[in-house]
Each structure stands twice: as C-alpha cells, then as structure tokens.
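Visitor: I have a structure here, written as structure tokens, and I will follow up with some questions on it.
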Amino acid sequence: MAAHYDALETRSREARERDLFARLPAQLEHARSQAPFYAEALRGADLAAVTSRAALAGLPITRKSDLVELQASRRPFGGLNATPPSGLARIFASPGPIYDPEGRGPDFWHTARALHAAGFRGGDVVLNCFSYHLTPAGSMFETGLHHLGCAVIPGGVGQTELQARVVADLRPAGYVGTPSFLKLILEKCDELGVDSSSLTRALVSGEAFMPAVRTFLAGRGIEGLQAYGTADLGVVAYETESREGLVVSEELIVEIVEPGSGEPVAGTGVGEVVVTTFNRDYPLVRFATGDLSAELAGASPCGRTNLRIKGWMGRADQATKVRGMFVHPHQVAEVLRRHGIKRGRLVVGNEGGEDRMVLSVEGPGPGDAGLVAAIEATLRDVLKVRGQVSFVAPGSLPDDGRVIVDARVYG
C-alpha cells in the first residue's frame with residue numbers, strides 16, 4: 001500500500017515553490033482574461049512578475065465575506081468564474097445564499113489526496129454522510145472517492161436507523177462526514193444490536209474533531225483523520241497518520257496573513273488563511289477564507305514536505321457593531337498602515353450603557369500627545385466612530401490573530 005498519493009507530496013519545498021510560482025503567472029492571466037471580476041481586480045497588474053510569495057502578497061485580497069454582495073450584483077458567481085454556468089457539472093447553493101460552481105474535471109475539489117492519506121483505497125466501499133442537498137460537501141468527497149476507485153453509499157444526513165442498517169448490511173470499510181454524525185450512527189448500531197465492525201477508517205470534516213469523539217472512534221477500531229476546506233475551494237489541508245497538524249494540498253498556494261491588512265504573518269504567528277487556486281473554472285486569487293490558523297514549523301514526520309497548518313483556530317472576520325456602525329478588521333488595519341504601526345488591537349467595551357473603543361498599538365513608548373491625537377483622528381475618519389488610542393510595549397499584544405475584541409457583556 002503506497003504511503004503517499006504521488007511524488008509531489010515528498011518533493012523538496014524549494015522544488016514545490018519553483019513549480020507553483022512558475023505556473024502562477026499563466027493562471028493569473030487566465031483569471032484576468034476569463035473572469036470579469038478579476039479583469040477589474042487585476043487590471044494594470046504586472047502578472048508576469050508574480051513569481052514569488054512577496055509578489056503574490058502585492059495582489060488584492062478577494063474576501064469570502066463579500067461573496068453574497070458580489071453575487072447579488074452579478075449573478076450567479078459575482079464574475080469570479082472563468083467557465084459559464086452551462087459548462088459546469090454542478091451548481092451548489094450554500095447559506096447566504098452563496099453559489100458554488102463545480103467543473104467537469106476529475107477530482108475537481110482535490111479530495112482524493114486527503115482520502116488517500118486517511119487510508120482509503122480503490123475497491124473500498126465507503127459511506128458518505130456529507131449533505132447531498134444543494135451544498136457541495138457530498139459531491140466533494142464522492143468525486144474524490146470515485147477518483148480513487150471506491151464505491152460510494154450516498155448516505156447524506158439524518159435517518160440514523162436506516163444508516164445503521166446500511167452499515168450492517170453493506171459493510172462499508174470507511175466513512176466520510178462529520179465526526180459527531182458517525183458517533184450517532186455507531187450508537188444507533190449498538191441500540192439496534194447490529195454489527196458496525198466493518199468500519200475501520202474515517203475522514204471527517206465540517207466541524208471540530210473533538211478529542212472525546214476521536215477517542216470514542218479509536219475505541220471502536222476506527223482510525224479517524226480530519227480535513228479542512230471550504231465550499232469554495234474544496235480541501236485546503238488534511239491530517240496524516242502523524243497527526244501533527246494539517247498538510248496543505250499540493251493544488252493550492254496558502255498564505256497566513258494579518259486579518260484585515262492581507263500582509264503575510266511572520267513565522268508561526270496566527271493569521272487568516274488566504275488561498276490562491278489553480279482552478280481553471282473558478283480561479284480564486286488570494287481568497288480570504290475568514291478562518292484563522294498558523295503555520296507549523298518543519299516538515300511532517302509522515303514524509304510529506306508541504307506547508308503544515310494547525311487547523312481551524314477561529315474566525316478572522318471579527319466585525320462588530322459600535323454605536324450603530326459596523327467596524328471591520330480591514331478598517332483597523334488601514335488606521336495602523338497610515339501611521340506606520342505594525343501591530344494593534346481594537347477593544348470594544350461598554351461603560352454606563354455607552355460603547356467605548358480603545359485602540360492599543362505597540363510602540364517604543366507612550367507616544368506624544370500629538371501622535372495620539374493624530375491616530376485618534378484617523379480612527380474617527382476611517383471607522384466613523386470615535387475611540388481612544390493607547391500605546392503598549394512592543395510584543396505585549398497576544399499573538400492570536402485577533403484585531404477586534406468585543407469585550408462587552410450581553411445579558
């Protein structure tokens with residue numbers, strides 16, 4: 001049984017970077033020439049020069065949080081698609097609504113690599129309990145399983161008694177779906193007195209894989225690994241047998257950036273997951289997922305050499321409403337940028353029934369009154385809400401990726 005899906009997973013990091021960034025300019029030009037949104041967003045950019053991470057960081061961010069508005073203004077995909085709807089295999093509708101395209105290429109969502117790492121192989125019978133109704137998760141994993149040569153039971157969600165009987169009768173070797181639903185199925189098998197011992201492997205996603213559930217599955221002889229992805233991108237990163245972080249998919253370029261600013265985070269700091277794809281149908285460029293994570297140093301013990309991330313660590317979209325006005329991380333980042341400040345954090349509190357904002361910024365000292373007043377004026381101009389500025393010692397702000405903290409107590 002091959003330990004790795006292909007040789008791409010074990011090539012040197014230098015070889016991977018050379019390959020990705022040699023291919024990137026053509027992909028960016030494809031996005032600009034074929035996707036109306038990127039014709040505007042990348043207008044005037046020297047795409048032939050985008051051959052490094054530093055150059056990529058100079059391109060604009062596309063935010064997942066903006067998709068509802070973008071798609072409402074230009075149906076169905078906000079102009080981010082390079083293939084017209086008539087050329088697609090499927091079109092999905094996620095809550096929002098957000099419409100997601102699936103092209104006709106094999107393993108479109110690049111889930112096969114993650115499934116292989118979780119032990120799935122051709123000839124396996126697999127119960128797929130991701131939703132098949134409107135949202136893409138069911139199709140994401142079914143197409144990857146088919147690419148590996150697996151037979152798929154399209155279980156979807158719900159009907160735990162029927163699912164339990166299907167497990168007993170069809171004896172699938174593996175499961176894909178949320179971890180909590182697998183636990184429910186196994187408990188229903190126990191309740192009905194039917195055999196679930198055929199299940200020995202699982203790839204789970206869609207929610208946190210809690211330690212108690214992981215332990216429960218292990219106690220049933222099921223090796224459960226997790227994957228992280230989105231409805232727009234497919235699988236972004238996946239767990240391997242080493243269980244030390246999640247390895248980034250070979251088909252993507254992943255950056256960890258400061259929420260709001262889009263500037264790359266140094267080292268292993270926490271930041272927002274931003275992804276650039278080589279997808280010809282939906283060529284997302286610097287797509288900000290809204291999820292927080294951090295890079296893990298070094299290579300995985302499993303032999304895969306790609307970037308590893310810690311997995312999902314919360315949401316980067318920390319927008320909150322202050323005195324009737326929404327305040328966003330990118331606005332805070334703009335205030336800091338205008339004054340050459342690297343790190344800051346806006347804390348929103350409430351005293352005596354009145355909202356109060358304090359922007360803490362790292363600096364060499366308390367700062368002079370003139371600088372404080374200037375930053376406060378910028379804060380008011382950009383956020384449209386008055387706030388105070390406080391200088392704190394360099395390195396004293398927590399490294400957790402949070403730009404806005406809502407410290408108000410409700411109820």
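Visitor: Inside region 300-336, can you point out the residues that are without any contact (Cβ under 8 Å) to a residue 40 or more places away in the chain and either assigned by TED's automatic domain parsing to the domain that holds Glu351 or more than 23 Å from Gly229 (Cβ to Cβ) (or both)?
Guide: Of everything in region 300-336, those that are without any contact (Cβ under 8 Å) to a residue 40 or more places away in the chain and either assigned by TED's automatic domain parsing to the domain that holds Glu351 or more than 23 Å from Gly229 (Cβ to Cβ) (or both) turn out to be Lys321, Gly324, Phe326.
Visitor: What pairs come out if I take residues in region 366-394 that are closer than 16 Å to Arg337 by Cβ and pair them with residues that are modelled with pLDDT under 90 and of a type in the set (S, T, N, Q) whose C-beta lies under 7 Å away, six or more apart or interchain?
Guide: Val382/Gln331; Leu383/Gln331
Visitor: Further question on the same structure: Please work out if Thr305 is in a loop (DSSP other than H, G, I, E, B), surrounded by fewer than 24 Cβ atoms within 10 Å (Cβ to Cβ), among the polar types (S, T, N, Q) and in contact with an Asp or Glu (Cβ under 6 Å, 6 or more places away or on another chain).
Guide: So Thr305 does not fit the description; no.
Visitor: Give region 191-223 a look and list any residue that's among the charged types (D, E, K, R) and in a loop (DSSP other than H, G, I, E, B), or say none.
Guide: Asp195, Glu207, Arg220
Visitor: Continuing with this model, one more query. Pick from region 140-169 the residues that are polar (S, T, N, Q) and surrounded by fewer than 23 Cβ atoms within 10 Å (Cβ to Cβ): which of them is nearest to Ile185 (Cα to Cα)?
Guide: Looking at the filtered set, the residue picked out is Thr160.
Visitor: Working only within region 280-301, note down all residues that are buried (at least 19 other Cβ atoms within 10 Å of the Cβ) and either assigned to a loop (DSSP other than H, G, I, E, B) or of a type in the set (A, V, I, L, M) (or both).
Guide: Once the filter is applied, which keeps residues that are buried (at least 19 other Cβ atoms within 10 Å of the Cβ) and either assigned to a loop (DSSP other than H, G, I, E, B) or of a type in the set (A, V, I, L, M) (or both), region 280-301 yields Asp281, Tyr282, Pro283, Leu284, Val285, Arg286, Ala288, Leu292, Ala294, Ser300.
Visitor: Being surrounded by 24 or more Cβ atoms within 10 Å (Cβ to Cβ), not assigned by TED's automatic domain parsing to the domain that holds Leu359 and not aliphatic (A, V, I, L, M): is that true of Gly267 here?
Guide: So Gly267 fails the test.
Visitor: Additional query: Please specify each residue of region 135-163 satisfying the condition of being over 18 Å from Ala89 (Cβ atoms) and free of Cβ contacts under 8 Å to residues at least 24 places away in the same chain.
Guide: Answer for region 135-163, where residues must be over 18 Å from Ala89 (Cβ atoms) and free of Cβ contacts under 8 Å to residues at least 24 places away in the same chain: Gly158, Gln159, Leu162.
Visitor: Which ones in region 112-151 are within 19 Å of Pro179 (Cβ to Cβ) and among the β-branched types (Val, Ile, Thr)?
Guide: Hits for region 112-151 are Val126, Thr135.
Visitor: What residue, among those in region 213-248 that are of a type in the set (Ser, Thr, Tyr) and farther than 27 Å from Gly96 by Cα, is nearest to the chain's Cα centre (by Cα)?
Guide: Step by step, filter region 213-248, then rank; the result is Thr240.
Visitor: Sticking with this one: Out of (1) β-branched (Val, Ile, Thr); (2) over 21 Å from Ala237 (Cβ atoms); (3) out of contact with any helix residue (DSSP H, G or I) (no Cβ under 7 Å at 6 or more places or on another chain); (4) modelled with pLDDT under 95, the odd one out for Thr135 is which?
Guide: (2)
Visitor: Between Gly103, Gly78, Gly58, Gly96, which is of a type outside the set (Val, Ile, Thr), modelled with pLDDT under 95 and out of contact with any strand residue (DSSP E or B) (no Cβ under 6 Å at 6 or more places or on another chain)?
Guide: Result of the check over Gly103, Gly78, Gly58, Gly96: Gly96.
Visitor: Hey, can you tell me all the residues within region 265-279 that are in a strand (DSSP E or B), out of contact with any helix residue (DSSP H, G or I) (no Cβ under 7 Å at 6 or more places or on another chain) and within 20 Å of Leu28 (Cβ to Cβ)?
Guide: If the condition is that a residue be in a strand (DSSP E or B), out of contact with any helix residue (DSSP H, G or I) (no Cβ under 7 Å at 6 or more places or on another chain) and within 20 Å of Leu28 (Cβ to Cβ), then Val273, Val274, Val275, Thr277 are the ones that fit.
Visitor: For a quick check of your reading: which helices (runs of 4 or more DSSP H) sit entirely within region 1-69 and have at least 2 residues that are under 18 Å from Val248 (Cβ atoms) and not aliphatic (A, V, I, L, M)?
Guide: Where helices (runs of 4 or more DSSP H) fall fully within region 1-69 and carry at least 2 residues being under 18 Å from Val248 (Cβ atoms) and not aliphatic (A, V, I, L, M), they are 13-34.
Visitor: Hey, another quick one. For region 229-278, give me each residue that is of a type in the set (Ser, Thr, Tyr), modelled with pLDDT under 95 and closer than 27 Å to Phe108 by Cβ.
Guide: Within region 229-278, Thr230 is the sole residue that qualifies.
Visitor: Mind telling me which of the residues Arg90, Arg121, Arg63, Arg113 ends up being of a type in the set (D, E, K, R), over 30 Å from Glu223 (Cβ atoms), in the same structural domain as Thr200 (by TED's automatic domain parsing) and modelled with pLDDT of 95 or more?
Guide: So the residue among Arg90, Arg121, Arg63, Arg113 that is of a type in the set (D, E, K, R), over 30 Å from Glu223 (Cβ atoms), in the same structural domain as Thr200 (by TED's automatic domain parsing) and modelled with pLDDT of 95 or more is Arg90.
The values are calculated or read from the model by the stated rules, or taken from the named source; none is laboratory data. Nothing here was measured: the structure is a model prediction, and the numbers come from that model. Don't worry about glycine lacking a Cβ; one is built from the backbone with ideal geometry, like all the others, and counts go over all protein chains shown.
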